[in-house]
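The values are calculated or read from the model by the stated rules, or taken from the named source; none is laboratory data. Worth saying up front: this structure is predicted, and the values here are computed from it rather than measured. For the accessible areas, the whole protein counts, side chains as well, though only heavy atoms, and no ligand, DNA or RNA atoms are used. Shrake-Rupley method; radii C 1.70, N 1.55, O 1.52, S 1.80 Å.
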Amino acid sequence: MDLHDFTPTSLYFDEKLPLPVQSLLSLASRRYGQGVSERALLEASRMAPRSLTVLVGLYRHYYYQ
């Protein structure tokens, strides 16, 4: 494996999300540790259940709690 051979491909966080989902992720980020982020992430997950960005956000939230 050559680490210098970089083929640009889109990554999970490059996906375009609907504006309401982006807003919920932003809210969760700003309010982390204030009891608001989990609810915002769960709502984002309900709105975009197949989004890897949202799933990673939920994972990180629960991991670091």
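Points worth noting:
- Residue among Tyr62, Tyr32, Tyr12 that is open to solvent by less than 90 Å² (accessible area, probe 1.4 Å), aromatic (Phe, Trp, Tyr) and modelled with pLDDT under 95: Tyr12
- For the residues Ser45, Ser51, the requirement of being hydroxyl-bearing (Ser, Thr, Tyr), within 11 Å of the chain's Cα centre (by Cα) and at pLDDT 95 or above singles out Ser45.
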